[in-house]
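Here is the structure we will look at.
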Amino acid sequence: MRDVRPPSGTQWTLSAHDQELVVVESGGGIRSYRAGGRDVLFGYDQDAKCDAGRGQHLIPWPNRIRDGVYTFADKKQQLPLTEPARNNASHGLTRWANWHLVEQSGDRLVVGYQLLPQPGWDGILDLTITYELTGEGLVVTPAATNAGSAAVPFGYGAHPYLTAGEESVDELRLALPAATVLEVDDRLIPTDTAPVPSEFDFRSPRPIGATQFDHAFTDLTSDGEADGARWTITVAAGGRVSSLWADAAAYPYAQVFTGDSLPGGRSRRTGVAVEPMTCPANAFATGAALVLEPGATWSASWGVTSDDAAGE
């Protein structure tokens with residue numbers, strides 16, 4: 001009898017501190033994360049392919065590049081159009097690649113991948129994602145080293161979906177400490193920034209209800225002082241709170257998505273995507289991306305926590 005592999009490839013499991021994390025070969029992403037026996041991230045089943053970007057890492061750019069076109073070091077590049085309906089290059093080059101295990105211990109897991117030159121991309125990046133289960137929750141630390149001989153543009157984003165056990169995101173109370181929203185065109189490419197309008201102002205937590213999010217936010221209020229400051233976005237329902245935090249200096253943008261454009265069924269408006277990003281959409285074209293010089297390394301953490309909600 002032959003073995004049948006899961007669609008997401010090899011599964012690596014960490015169990016510690018009453019938490020369980022499953023990381024997969026496909027994209028090196030998160031298939032599931034549970035704490036206290038309950039889902040904190042809305043993932044996907046072992047016998048399913050990842051849908052809607054759930055748990056994926058977006059490297060070397062998050063979100064979209066208009067027409068897949070950008071110029072770097074005086075060279076015009078054309079990326080494959082992986083979002084053909086909007087004629088965009090979407091979510092980087094590594095989320096469907098086969099990552100490998102670098103190391104694993106009881107509460108720590110590291111996966112790696114080397115991104116090599118290909119159409120629209122001339123760089124060489126040595127990539128790792130480090131996952132740690134701590135007493136406070138899950139800590140995720142991506143790292144990218146420019147292993148080539150020339151500078152490259154670089155951006156990172158992650159695509160987890162927070163859940164508090166809801167049937168629909170309508171039930172969730174959202175806390176989103178953002179003062180500015182990015183305005184976009186019909187291809188979801190930023191055109192301007194604006195103060196957050198009342199419809200999307202969740203600086204004081206309130207129910208999502210019928211609100212439809214597919215927006216990037218910036219000017220995120222951090223939780224602490226300059227050293228180690230992080231912003232936190234939270235969803236809550238039925239006495240449960242799930243939160244995503246990120247290093248505020250490294251991740252000045254966060255995309256929030258309630259799944260309204262997804263097909264019907266399990267995925268649509270179930271779980272809220274909270275996506276820490278180092279840069280906005282179209283950053284390769286506008287010059288808003290980071291630049292990694294040869295030998296340089298970028299790394300910054302984000303994480304997920306789960307608690308009981310006082311007063312819910």
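Tell me the strands (runs of 3 or more DSSP E) entirely within the stretch 1-94 that contain at least 2 residues that are in contact (Cβ under 8 Å) with a residue 60 or more places away in the chain and under 30 Å from Ala237 (Cα atoms).
11-16, 19-24, 30-35, 38-41, 56-58
Could you list all residues from the stretch 229-249 that are closer than 14 Å to Ser301 by Cβ and either free of Cβ contacts under 8 Å to residues at least 12 places away in the same chain or among the aliphatic types (A, V, I, L, M) (or both)?
Within the stretch 229-249, Ala229, Leu244, Ala246, Ala248, Ala249 qualify.
Please name all residue pairs, on different chains or six or more residues apart, with Cβ atoms under 6 Å, provided the first residue is in the stretch 159-187 and is more than 26 Å from Glu83 (Cβ to Cβ) and part of a loop (DSSP other than H, G, I, E, B) and the second residue is polar (S, T, N, Q) and open to solvent by 20 Å² or more (accessible area, probe 1.4 Å).
Going by the 6 Å Cβ cut-off, the qualifying pairs are Pro177/Thr221.
Given the structure, is Asp67 open to solvent by 30 Å² or more (accessible area, probe 1.4 Å), closer than 26 Å to Leu79 by Cβ and either under 15 Å from the mean Cα position of the chain (by Cα) or among the acidic types (Asp, Glu) (or both)?
Yes: the conditions hold for Asp67.
Looking at the stretch 189-206, can you tell me whether even one residue there is more than 30 Å from Asp74 (Cβ to Cβ), surrounded by fewer than 22 Cβ atoms within 10 Å (Cβ to Cβ) and in contact with a helix residue (DSSP H, G or I) (Cβ under 6 Å, 6 or more places away or on another chain)?
So far as the stretch 189-206 goes, no, none of its residues is more than 30 Å from Asp74 (Cβ to Cβ), surrounded by fewer than 22 Cβ atoms within 10 Å (Cβ to Cβ) and in contact with a helix residue (DSSP H, G or I) (Cβ under 6 Å, 6 or more places away or on another chain).
So which residues in the stretch 263-312 are in a loop (DSSP other than H, G, I, E, B), surrounded by 23 or more Cβ atoms within 10 Å (Cβ to Cβ) and either aliphatic (A, V, I, L, M) or at pLDDT 95 or above (or both), if there are any at all?
Once the filter is applied, which keeps residues that are in a loop (DSSP other than H, G, I, E, B), surrounded by 23 or more Cβ atoms within 10 Å (Cβ to Cβ) and either aliphatic (A, V, I, L, M) or at pLDDT 95 or above (or both), the stretch 263-312 yields Thr278, Cys279, Pro280, Ala281, Asn282, Ala289.
The values are calculated or read from the model by the stated rules, or taken from the named source; none is laboratory data. Since the model is a prediction, treat every value here as computed from it, not as a measurement. All Cβ positions, even for glycine, are placed from backbone atoms using ideal geometry, and neighbour counts span all protein chains on display. Surface accessibility is based on the protein's heavy atoms, side chains included, excluding ligands, DNA and RNA. Shrake-Rupley method; radii C 1.70, N 1.55, O 1.52, S 1.80 Å.
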